[in-house]
1. Could you tell me which numbered condition residue 382 fails, if it satisfies all but one of (1) in contact with a Pro (Cβ under 9 Å, 6 or more places away or on another chain); (2) more than 19 Å from residue 168 (Cα to Cα); (3) surrounded by fewer than 19 Cβ atoms within 10 Å (Cβ to Cβ); (4) of a type in the set (A, V, I, L, M)?
2. If you go through the stretch 145-164 one residue at a time, do you hit one that is over 30 Å from residue 333 (Cβ atoms), aromatic (Phe, Trp, Tyr) and assigned to a helix (DSSP H, G or I)?
3. Give the residue that is modelled with the highest pLDDT, with candidates limited to residues of the stretch 274-296 that are surrounded by 13 or more Cβ atoms within 10 Å (Cβ to Cβ) and among the charged types (D, E, K, R).
4. In the stretch 375-393, what residues are of a type in the set (Asp, Glu) and in contact (Cβ under 8 Å) with a residue 40 or more places away in the chain?
5. Of all the residues that make up the stretch 436-473, how many are at pLDDT below 85 and either charged (D, E, K, R) or in contact with a Lys or Arg (Cβ under 7 Å, 6 or more places away or on another chain) (or both)?
6. Please verify whether the stretch 355-365 includes one or more residues that are under 29 Å from residue 31 (Cα atoms), touching a residue at least 12 places away in the same chain (Cβ under 8 Å) and in a loop (DSSP other than H, G, I, E, B).
7. If you go through the stretch 350-404, how many residues are touching a Lys or Arg at 6+ places or on another chain (Cβ under 7 Å) and either of a type in the set (D, E, K, R) or farther than 21 Å from residue 333 by Cβ (or both)?
Amino acid sequence: MRNASRLSVLALTVVYFTGCCYVPGGSCRDWVHNGFKVGPNYCRPAAPVASEWIDYGNANLKSDERHLCAWWSVFNDPVLNSLVQTAYQQNLTLRQAGARIIEARAQLGIAQGNLFPQDQFAFGEYSRVKLSQNVANPPAVAWFSEWTFGFTGSWELDFWGRYRRAIEAADAELDASVENYDDVLVILISDVASNYVQYRTFEQRIVYARANAQTQKGAFDIATDKFQHGATTERDTTQAKQLYEQTEALIPVLEISKRQAANRICTLLGMPPRDLDPILGQGTGVPVVPAEVVVGVPADLVRRRPDVRRAEREVAAQSARIGVAVSDLYPHLSVLGTIGIEAEQFGDLFKTGSMIGEISPGFRWDILNYGRLVNNVRVQDARFQLLAYTYQERVLTAGREAEDAIISFLKSQEQVRHLESGTNAAVRTVEITRDQYSEGAVDFTAVFVFESDLTTQQDQLALAQGNIALGLISVYRALGGGWQIRLGQDGGNGEIIQPPVWEGEEVPNPTEKSDVETPLIPPPAAAPPDANAGLIQSPQDADASTASPLPRPLEPAIPPGESSPK
């Protein structure tokens, strides 16, 4: 036995230093350097990121990141702060994402359990046997009993790193599920803020419409009075009535949209639709936003946006699955063992001599597989390349979304400045024209045109003011801000989930945020069970920081035309 062990050590030493064996993607020396694991070690794919924003020279773009963690606080709106907190506590989509983390963590536990004996079970049996006496050499005893109890197990050794690669894949999938949770949280907060801004925008548009309808009603009364006294024709009264009724007809349309925005808010808060007017209050106007926005640098998108990080973790998981597929090309080494007791009489089971046992080392090597195993490696490698390209495209899309949001925010401010000036001029024009009409200097057509223009311009002003706020929300959503809210509090849904952290990255300070407002809307009396209760920090890919770079995406783990070492 000792000689056999020495021979095994000598053989492995020769193989290591000579590199004379082949492992797909490298030699046996690489297999040793990889921690006795076949397959490629993972390294994050390169991603195209701009060095600076297109409008980096604009004075309204700032690189300070203080407001990204709780960006909605820049609106200085206690109602919005409360809506965000309530949605974080009660939103059902977010709880679904939390349940996926629980599932991924359990899958990781299953993968880790495969490092130990995969099959083990206890057994027991009693049998009463009757043997035939009408055979050659009949047995001395025709009837006998047999009692058997024991334990058996089998253990496939992780010689090629199959199970450790599976753990790496499950670990990366857990990271991806955490990033998915953060992505849902980013979208949730931005959706709450967007619908709240839309609600306030419709509210302001209704205020303008009602004020203009009241003004137009006054003009109609003047035209009617002048017609009754023969000072004008009936056309003036019909024109005035047409404009007044047209503006009145706009109000129900706006009220429908306002109610629909409130219903969307209710859904985001995890509650049935209800009248939110008493809760949100009346007449606060479109939320006022600062002229400046914090954007950092484009490279921050790769580490901050949860959807980008999720795509990267999916690449890491698939890289580990290549190693799992490569391990199928080699022998599966296993040990089977059984230990137990056996006796004819139950009382003899625990006596000396009743013990039975067996140990059976062995291997299983899948041969004559007609290319299935090699092609499975190629399948996993192709999926890896697909996910790598998806990750790179996700980075590009993130940059485009950020640039779109930035230009929308900046140009909407210019639009509002012009509309405010034009609206003020339109208000004065209507006042002058009405006075001239009352004095008979002009006919009602001028009043009709200018009052109609005022209605249109004020409605456009409210829309543009809302677009500034929506543009700011889109900027922070594109930058991936807001998920850090869960680092500072758990929202009543269990332990805080810590995100995976890349090398050289600092976790944002959760204390740099606005004071937490007491939710205006209480949680439901019978809330569903906490989907993300007990969630903890997910482990990081152990090899991510020390692994050697992968080959370029189009290079497969097994070159085309090259066969398995078998």
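1. (2)
2. Taking the stretch 145-164 first, the residues over 30 Å from residue 333 (Cβ atoms) are 145-147.
Next, only the ones that are aromatic (Phe, Trp, Tyr) stay: 147.
From the residues that got through so far, the ones that are assigned to a helix (DSSP H, G or I) too are none.
Looking through the stretch 145-164, none of the residues is over 30 Å from residue 333 (Cβ atoms), aromatic (Phe, Trp, Tyr) and assigned to a helix (DSSP H, G or I).
3. Filtering first and then ranking leaves 274.
4. Our first condition is that a residue be of a type in the set (Asp, Glu); within the stretch 375-393, this holds for 381, 393.
Hit for the stretch 375-393 is 381, nothing else.
5. 3
6. yes
7. Going through the stretch 350-404 one residue at a time, the tally reaches 2.
Per-residue answers, yes or no, for (1) assigned to a helix (DSSP H, G or I); (2) closer than 18 Å to residue 434 by Cα; (3) without any contact (Cβ under 8 Å) to a residue 24 or more places away in the chain:
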{"residue": "227", "(1), (2), (3)": "yes, yes, yes"}
{"residue": "232", "(1), (2), (3)": "no, yes, no"}
{"residue": "236", "(1), (2), (3)": "yes, yes, no"}
{"residue": "241", "(1), (2), (3)": "yes, yes, yes"}
{"residue": "245", "(1), (2), (3)": "yes, no, yes"}
{"residue": "250", "(1), (2), (3)": "yes, no, no"}
{"residue": "258", "(1), (2), (3)": "yes, no, no"}
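The values are calculated or read from the model by the stated rules, or taken from the named source; none is laboratory data. These figures come from a predicted structure and were not determined experimentally. Heads up, the Cβs are rebuilt from the backbone with ideal geometry, glycines too, and the neighbour counts pull from every protein chain shown.
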